[in-house]
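The values are calculated or read from the model by the stated rules, or taken from the named source; none is laboratory data. Worth saying up front: this structure is predicted, and the values here are computed from it rather than measured. Positions of Cβ are backbone-derived with ideal geometry, glycine not excepted, and every protein chain shown enters the neighbour counts. Just so you know, the surface numbers come from the protein's heavy atoms only, side chains and all, with ligands and any DNA or RNA stripped out. Shrake-Rupley method; radii C 1.70, N 1.55, O 1.52, S 1.80 Å.
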Amino acid sequence: GKFDDGEKGSPLIIADTIQEIISNTNTEAYKNRQIEACFIEKKYFKELKINTAECEKCQTLSGDFEDYIEQISSSNKDINLFLYIDPYGIKNLTFDIFTTLKENKATTEFLMNFNSFGFLREGFRLLKYTVPKELNTDIDFEEDEKNSIERMDKIANGSYWQQIINDKNGDKINMFKAEELFAAEYVKQLKMIYKHVINIAIKVEKHHLPKYRLIFGTNHHHGVKLMLDKMNEAWYELTPQGNGFAYFDEPDYYATETHKTLDGEILRLTENKIHIQSLIVALIDIFGIKYKFNDYLEAIKNMS
């Protein structure tokens, strides 16, 4: 719940937001005050419980979150579940978690720190290849003997990652392309469950490989609008100089590499009939968080 320097971590930030909601007297702004948080932590459970002891509408559970996720998601079919997944490494991220959520909940959204860097590093190790220099770092990434090729398949929801690593090991692609392809395929798997998926690369330095991917998934257009705009705001705040810890990669990097423009992609996508929501989703897939939701709308209106 807190960093070593006393700065608040995500549990206390969430707890403060809940307190603001339940204490706000503006009934129009906060019509639904039925909000609760559940923090699941194994390694630092005692510290987290102490730090959140005074927080209203918050409970703390000891263990791995996959031990509780089915219980929480199936306990009340009428609630909206927002899941913030911030694991250490990748071993607890088997893809069947998302399948379980889909089966149990009508309304589920997630925000996840996905360690693509660590996954590929483990992949090279498990496939008995030399770990590329780009993946060798002083940063503490997990090496867990419990990991296996079969478990990595379950995390990725397929064996596609193995071919990507084989191609990199055979010098068919570079490490940046390997990470890009892996992230794109993983997002593709998520899109079988969630209609809207946004991801942004988080880097320590601009020219480094992504440290991890921040991925958001939702089936509601309001959810993607809100998160898209928030990520766009954060990108503009962090991108100019970074913040000493993380750097939001340029969200239109790959679109720029292929010289794609917003107007050009709108023209291309509207050559055949397309629903406006499907058009916006397609544009977000191409340009990510470079634009806010209303920017996409305005560009479409200006060209109609």
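Worth a mention:
For (1) farther than 23 Å from residue 95 by Cα; (2) of a type in the set (Asp, Glu); (3) out of contact with any Lys or Arg (no Cβ under 8 Å at 6 or more places or on another chain), each residue gets a yes or a no:
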residue: 1; (1), (2), (3): yes, no, no
residue: 8; (1), (2), (3): yes, no, no
residue: 38; (1), (2), (3): no, no, yes
residue: 54; (1), (2), (3): yes, yes, yes
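- Tabulated pairs, the stretch 8-28, first in a loop (DSSP other than H, G, I, E, B), second among the charged types (D, E, K, R), C-beta under 6 angstrom, 6+ apart or interchain: 9/2
- Candidate set from the stretch 221-261 (those that are modelled with pLDDT of 85 or more and open to solvent by 20 Å² or more (accessible area, probe 1.4 Å)); member that is farthest from the chain's Cα centre (by Cα): 261
- Taking first residues from the stretch 31-50 that are on the phi < 0 side of the Ramachandran plot and partners that are open to solvent by 100 Å² or more (accessible area, probe 1.4 Å) and modelled with pLDDT of 90 or more, the Cβ contacts under 9 Å between residues at least 6 apart in sequence or on separate chains come to 39/49; 41/49.
- Within the stretch 14-34, the set of residues being open to solvent by 90 Å² or more (accessible area, probe 1.4 Å) and modelled with pLDDT of 75 or more comprises 20, 34.
- A search for C-beta distances below 6 Å between a residue of the stretch 110-121 that is under 14 Å from residue 184 (Cα atoms) and any residue that is acidic (Asp, Glu), counting only pairs 6+ apart in sequence or on different chains, returns 116/179.
- Being at pLDDT below 90, open to solvent by 50 Å² or more (accessible area, probe 1.4 Å) and of a type outside the set (Lys, Arg) is a description that applies to residue 138.
- Filtered residues of the stretch 35-54 (kept if modelled with pLDDT of 85 or more, part of a loop (DSSP other than H, G, I, E, B) and open to solvent by less than 100 Å² (accessible area, probe 1.4 Å)): 52, 53
- Close Cβ contacts (under 8 Å, 6 or more residues apart or on different chains) running from residues in the stretch 147-172 that are touching a residue at least 12 places away in the same chain (Cβ under 8 Å) to residues that are open to solvent by 60 Å² or more (accessible area, probe 1.4 Å) and assigned to a helix (DSSP H, G or I) comprise 154/96; 164/181; 168/177.
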